[in-house]
Amino acid sequence: MFDAALDVIPLAIVAATPLLLAVQGELVVQRSGIINLGIEGMMLAAAMTSVLAAQATKSVAIGFLGGIAGAAVIALLFGLFAIALKADQIVTGTAINLLALGATGFVYRELQQGAIFVQSVPRLQRDFVLPLAWIAIPIVLALFLWNTSTGLRLRACGENPEVLGARVRSHRALALAIEAVLAGIAGAYLALALSSGFAENMTAGRGFIALSIVIFGRWKLKGALLGTAIFGLAAALQYALQASARGVPFHLLLAVPYVVTLLILCGVAGRVRAPESLGK
């Protein structure tokens, strides 16, 4: 079984790529003091709009741009309430998720009658997202957050926003925009590379897993990479157990990565220090 797990590790890394993109986006916004539970809805909307854009143009590149646009719309809605109107971030994020789930489900059922979601979608032929997510983006974000004045001010929004005064909103809006781009790519990758199109609730809780990995990683990029890799290895174990055909019920195997994530969270609970103004 160990050999089988090693064989599927590359596949598990690919499968964990959308999750890693979401984790990095959520890390940036939480560093700015925002808890965005709506990242699940952002990814779900991005998955749908990427498929619609790719179907309309027969272009994978435009499909990814469509995914970013879909996530940006959800981010704009979240930012309007959470940043501009200073509504409760947890309540706003929960409402955003419910809205995205309902809206995408409604559009899917309506357009499915016209066979838009039944037709095959353009697929990503050359995987440029993998090195982007695991190498390029972490390096760029690390340099931005810890080696630029804008990144320093963004992190100050999450620790001591009083020192920035009126500029807090603009920096938090910037963080939310970065998350929208990353969540948009994640949703598009999920639909155009890992799947054959859009399906209802296809994100399957990845946004909430991303939230837990940010906590596990102690709001640092190294920890985010490690946490996502652990989730990927748990997914590899799930694939290996399925391939071994040992008679374990299929639905129990699907729960393996989530159980591992829950155990990890239980192990780090109470041992981490969140940004001082997170959620405020």
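Key figures for this structure:
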read-out	value
Separation in nanometres of the label points that stand 7 Å from Cα toward Cβ, at GLU110 and TRP146	4.7
Three-way shape label, region 175-219, alpha-carbon gyration tensor, a/c 1.5	oblate
Convex hull per residue volume in Å³, alpha carbons only, for region 2-268	134
Shape category assigned to region 52-207 from the gyration tensor of Cα positions, a/c cut at 1.5	oblate
CD proxy at 222 nm, helix term only [per DSSP H run n ≥ 4: -39500 (n - 2.57); per residue of the chain; nearest 500]	-23000 deg cm²/dmol
Hits among aspartates and glutamates - C-alpha to C-alpha of LYS280 under 19 Å, sequence gap 8 or more where chains match	GLU26, ASP88, GLU159, GLU162, GLU179
Cα gyration tensor category, rounded, prolate or oblate, for region 74-133 with a/c compared to 1.5	oblate
Where N is the number of residues in region 1-139, Cα Rg divided by 2.2 N^0.38 Å	1.19
Per-peptide average of other Cβ atoms within 10 Å, ordering 148-159, 44-55 highest first	44-55, 148-159
Contour excess over end-to-end distance, with Cα ends at LYS220 and ALA61 and 0.36 nm allotted per residue	54.2 nm
Extension gain from LEU11 to ALA166, taking 0.36 nm per residue of separation minus the Cα-Cα distance	51.2 nm
Label-point separation, ALA204 to LEU99 (7 Å along Cα→Cβ), nm	2.8
GNM result for the chain, Cα springs below 10 Å: residue of LEU21, LEU182, LEU141 fluctuating most strongly	LEU141
Förster radius 51 Å - calculated FRET efficiency between SER120 and LYS280 (Cβ-Cβ, nearest 0.05)	0.60
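Values quoted throughout were computed directly from the atomic coordinates according to the rules given, and no laboratory measurement underlies them. These numbers were taken from a predicted model, which means no experiment stands behind them. Positions of Cβ are generated from backbone atoms using ideal geometry, with glycine treated the same way; all protein chains shown enter the neighbour counts.
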